[in-house]
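The values are calculated or read from the model by the stated rules, or taken from the named source; none is laboratory data. Please read these numbers as outputs of a predicted model, since none were measured by experiment. Cβ: placed from backbone, ideal geometry, glycine included. Neighbour counts: every protein chain shown. When the accessible area is computed, the model is the full protein with side chains, heavy atoms only, and any ligands, DNA or RNA have been set aside. Shrake-Rupley method; radii C 1.70, N 1.55, O 1.52, S 1.80 Å.
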Amino acid sequence: MILNLLNICTKKKELIRDSIEEAKNFYMDRVFKIKNSFYMNFFEFSIESTEVDIYEYFVEAECENNFFYDNIFLMDRERGRRFFKVMAIHNAIRVLKKNGDIIDKKHMEKYLFYTFMFNSAEKKVYELLYKCINEYEGEFQRLFSITIAKYVFQRDKLSPFALAFIENFCYNSFNEFYNSFTKYISMNRRLERAVE
């Protein structure tokens with residue numbers, strides 16, 4: 001019984017590693033080509049934070065209605081790329097909402113689209129989500145959760161519990177990302193130090 005559980009856990013870790021490592025390395029190579037240190041650091045943190053979340057929520061956090069844990073065997077390289085991309089959208093939009101007075105939206109979009117190689121459809125999804133957080137902020141997490149389910153896992157229907165789980169995941173993921181990013185160097189100071 002214990003060996004069975006260990007084998008299942010090992011297979012899940014291997015599956016996740018196979019589905020995310022190539023995407024992570026590909027996106028990191030692009031991040032390190034960004035000349036502006038603020039955006040380079042921002043997207044580097046986003047990718048690293050997302051990787052930690054993937055291992056925690058897809059492999060380790062076996063809890064009821066964990067949408068990611070329940071759908072782990074759907075993960076492949078393309079879905080791994082999409083998960084990094086969609087979480088970068090989430091982090092960028094939430095930071096713009098929180099610090100829009102000091103962060104240039106056009107620059108954020110330029111580096112987001114460059115790093116994660118957005119196509120025209122993905123840019124439209126970004127614009128819709130950005131509009132939602134600014135005009136209907138109370139609905140943003142719900143719409144974003146539906147976006148993850150559809151864009152990454154091709155799931156059209158979510159139970160209320162799965163939807164709540166993804167909403168909670170996104171909320172916690174962003175807070176962990178933001179707190180880590182600003183813990184030792186404030187957003188203002190990071191922007192002041194940014195060099196092209």
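By accessible area, using a 1.4 Å probe on protein heavy atoms only, the chain has 52% of its surface on carbon and sulfur. Take Leu143: with every protein chain present and a 1.4 Å probe, its accessible area is about 50 Å².
Between the amide H of Asp104 and any residue lying 5 or more places away or on another chain, no distance stays under 5 Å, with hydrogens modeled in the peptide plane.
Helical content alone sets the calculated 222 nm signal of the chain at -25500 deg cm²/dmol, taking -39,500 (n - 2.57) per DSSP H segment of four or more residues and averaging over every residue. In loop segments of the stretch 64-164 as defined by DSSP, the GluC sites (Glu not before Pro) with at most 12 further C-beta atoms inside 10 Å of their C-beta are Glu64.
Counting only trypsin sites (Lys or Arg not before Pro) that sit in a DSSP loop (anything but H, G, I, E, B) with at most 10 other Cβ atoms within 10 Å, what is the longest stretch of the chain containing none of them?
Maximal segment without exposed cleavage sites: 36-156.
Kindly flag which residue pairs out of Lys85/Lys157; Lys24/Lys123; Lys110/Lys150 have an alpha-carbon separation exceeding 23 Å in this structure. Going by Cα-Cα distance, Lys110/Lys150 fall outside the 23 Å limit.
Taking all protein chains into account, the per residue accessible area for the stretch 41-196 stands at 52 Å² (1.4 Å probe). Compared with the rule-of-thumb size 2.2 N^0.38 Å for a compact globular protein, the chain has a Cα radius of gyration ratio of 1.03.
When the square roots of the Cα gyration tensor eigenvalues are ordered a ≥ b ≥ c, the ratio a/c for the stretch 122-196 is 1.5 or more and a/b exceeds b/c, which makes its shape prolate.
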